[in-house]
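Some notes on the structure that comes next.
The values are calculated or read from the model by the stated rules, or taken from the named source; none is laboratory data. All values derive from a computational prediction rather than experimental measurement. Cβ placement follows ideal geometry from the backbone for every residue including glycine, while neighbour counts extend to all protein chains displayed. Just the protein is used for accessible areas: all its heavy atoms, side chains included, with ligands, DNA and RNA removed. Shrake-Rupley method; radii C 1.70, N 1.55, O 1.52, S 1.80 Å.
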Amino acid sequence: MIRNVIGSVLALAGATAAVWSPFRAWYDGRLGRDYAIDELFTGITETRADLLGSILLPFAFAALVTVLGVVLRSRLLVALAGVVVLGFTVFWMVRVGQAEGSIVISGDGAGLGDGVANAFGGGVLLLLGALVMSGRHPTHRLDRTDHEPRPTHPTLDGPPPVTGVPDGAEVGDGPHRHPQASTPYAAPTQPYDVPTWDPDRDGPPGPPPR
C-alpha cells in the first residue's frame, strides 16, 4: 500500500513536469510548444506550431496514461507514459542536432533550456514511480470451511453416529445403546386350541338350547 502511494506521487509529479515542460524554453529561448510534432519527422523549421499540434500533445497523452495507471495501480501504464515522454524528448534532440549541426548546453539562455530538463526529469520520475509501485495483487477467494459440529438428532438418512463404543461391543448393546433404540414388537407365539365339530359325538348342528 505504501509503495503504491509513493509510486503514485512520483508518477504524478513526473507527469506534471512533462506537461509543464513545453511552456519552458527548449533551445535558444524557443518554447517547446513552438515545435510541431510533424517537425520531428520532417525536420526542425522556424515555423511556430499551434498549441494542439505541438510537442505538448504527446506529453498530455502521457499525463492521461499516467493518471489512468495510478487509478488502476498499473505499473505498465505508468512505465509506458515515461517511455513516451523520454522517447519524444530524445527524438526532438536528434532533430535539433541535425538542424543546428550540434547541441549546445549553456547557462546564458543559449542552447538547451530548462524545458528539456523538465521533460527528462518527468520521464525519469515516471519510470521511477512505475518501479516503486507494487501494482495490484490478485485476490483469491477462499472457500468457507464449515466448522460447526455435526447434528446429533436423527435425520432422514439414519440415526446419528454413536461414539465412544468400546472395542468388541456392538452399537445398541449395554450402556452405549442409543436412547431411542427399542426392542421391536413381537407377536405372541403361544398356540391356541380351536374346537372342531364332530358329527358322531355332538349330533347335527342346530340352534342352541333355550
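Quick one: would you say Thr66 is hydroxyl-bearing (Ser, Thr, Tyr), open to solvent by less than 80 Å² (accessible area, probe 1.4 Å), assigned to a helix (DSSP H, G or I) and out of contact with any Cys (no Cβ under 7 Å at 6 or more places or on another chain)?
yes
Among residues belonging to the stretch 111-138 that are part of a loop (DSSP other than H, G, I, E, B) and over 30 Å from Asp28 (Cβ atoms), point out the one that is modelled with the lowest pLDDT.
Pro138
Please go through (1) open to solvent by 30 Å² or more (accessible area, probe 1.4 Å); (2) within 19 Å of Ala17 (Cβ to Cβ) for Phe59 and return the number of the only condition it doesn't satisfy.
It fails just one condition, (1).
Return the residues of the stretch 58-88 that are among the β-branched types (Val, Ile, Thr), free of Cβ contacts under 8 Å to residues at least 60 places away in the same chain and either in contact with a His (Cβ under 6 Å, 6 or more places away or on another chain) or under 24 Å from Ile44 (Cα atoms) (or both); say none if nothing qualifies.
Once the filter is applied, which keeps residues that are among the β-branched types (Val, Ile, Thr), free of Cβ contacts under 8 Å to residues at least 60 places away in the same chain and either in contact with a His (Cβ under 6 Å, 6 or more places away or on another chain) or under 24 Å from Ile44 (Cα atoms) (or both), the stretch 58-88 yields Val83, Val84.
Can you pull out every residue in the stretch 1-51 that is part of a helix (DSSP H, G or I), out of contact with any Leu (no Cβ under 6 Å at 6 or more places or on another chain) and open to solvent by 40 Å² or more (accessible area, probe 1.4 Å)?
Ile2, Arg3, Val5, Ile6, Val9, Leu12, Thr16, Val19, Trp20, Phe23, Phe41, Thr42
Just to be sure I understand, how many residues within the stretch 76-97 are open to solvent by 50 Å² or more (accessible area, probe 1.4 Å) and farther than 17 Å from Gly32 by Cα?
Looking only at that region, the number is 3.
Give the residues of the stretch 98-128 that are in contact with a strand residue (DSSP E or B) (Cβ under 7 Å, 6 or more places away or on another chain) and closer than 17 Å to Arg33 by Cα, sorted by residue number.
Listed by number, the residues that qualify are Gly111, Leu112, Gly113, Asp114, Gly115, Val116.
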